[in-house]
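Single-structure report; data block below.
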Amino acid sequence: MIKISPSVLASDFSKLGEEAVSCEKAGADMLHIDVMDGHFVPNITLGAPIVTSLRKCTSLVFDIHLMICDPMKYIPDFVKAGADIITFHIESDCDVKKTVELIKSAGVKAGISLKPGTPAEEVFPYLEDIDMVLVMTVEPGFGGQSFMEDQLSKICLIRKECSLRGLDTDIQVDGGITDQTAPLVIKAGANVLVAGSFVFKGNKKEAIDSLKKQN
Ligand code: DX5
Ligand code: ZN
């Protein structure tokens, strides 16, 4: 089943709570929350206090995407704030195995994300330990960028490797997802679609329905 995770990066931050509630009503499966530190990526977004506030507004699954240099330092804060899934970047300055363990020991699902330039094979040693792989289909840092079609083969390779190992791992894609690009990523093996601009630019329900219909 395809799951849709609208990215609040494209929402109106002055009414973040209402935006989250409207995503829930529109049929979103989770809420993608982009955390950027201005170092790992050249942009700053939000931190755990905002997630804590948002947690009071919705029961949607909180899908936290950490684009920060030192994930281990901040994971406990996001756990406390109500994260359900925490994804960090394999390229960040961390011990990948220990970071996964830290997330899982808190009873939260763990994901590993790959930037476009990072080969699929880098995540293979951790597949047995994680719940989700996030394949970035844009350079992380900003919403509204164009989908990178050259990432489709990476999605295929990861799905193939998971199947070979008998793993039903979620494969999430993030960046430039629309009703045009969704069929491509689904065909390649992705099952969790993050969409920022596409969901928030118009009618959320129509957008989410159109993404799910691509299945
Ligand atoms: C980019 C973020 C994405 C972003 C996607 O670094 O990780 O989640 O919000 O935005 P769209 O869907 O507009 O490409
Ligand atoms: Zn993201």
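FYI, it's all coordinate maths here, none of it is from the lab. A quick note: this is a predicted structure, and the numbers were derived from the prediction, not measured. Heads up, the Cβs are rebuilt from the backbone with ideal geometry, glycines too, and the neighbour counts pull from every protein chain shown.
Would you tally the net charge around ASP70, using a Cβ to Cβ cut-off of less than 15 Å, leaving ASP70 out, and scoring K and R as +1, D and E as -1? Neighbourhood net charge equals -3. Over all orientations, region 40-187 has a Cα convex hull whose mean projected area works out to 8.9 square nanometres. The local environment of PHE124, defined by Cβ-Cβ distances under 10 Å, has a net charge of -3 under the rule Lys, Arg +1 and Asp, Glu -1. Annotation: lysines with alpha-carbon distance below 22 angstrom to LYS204 (same-chain offsets under eight excluded): LYS3, LYS15, LYS25, LYS56, LYS212, LYS213. Remark: for residue pairs LYS109/LYS201; LYS160/LYS187; LYS73/LYS98; LYS154/LYS187, the C-alpha separation exceeds 20 Å in LYS109/LYS201.
Divide the volume of the convex hull around the Cα atoms of region 51-135 by the residue count and you get 89 Å³ per residue. Using a cutoff of 8 angstrom between alpha carbon atoms and counting only pairs six or more residues apart, the relative contact order for region 110-215 works out to 25 percent. Shape summary of region 114-179, radius of gyration then Dmax from alpha carbon positions: 11.9, 35 Å. Computed over every Cα-Cα pair of region 1-81 and binned at 10 Å starting from 0, the pair-distance distribution P(r) comes out as 18, 52, 28, 3 percent. Within a straight-line Cα-Cα reach of under 18 Å, LYS80 can be paired with the following aspartates and glutamates, leaving aside sequence neighbours fewer than 8 residues apart in one chain: ASP34, ASP63, ASP70, GLU101.
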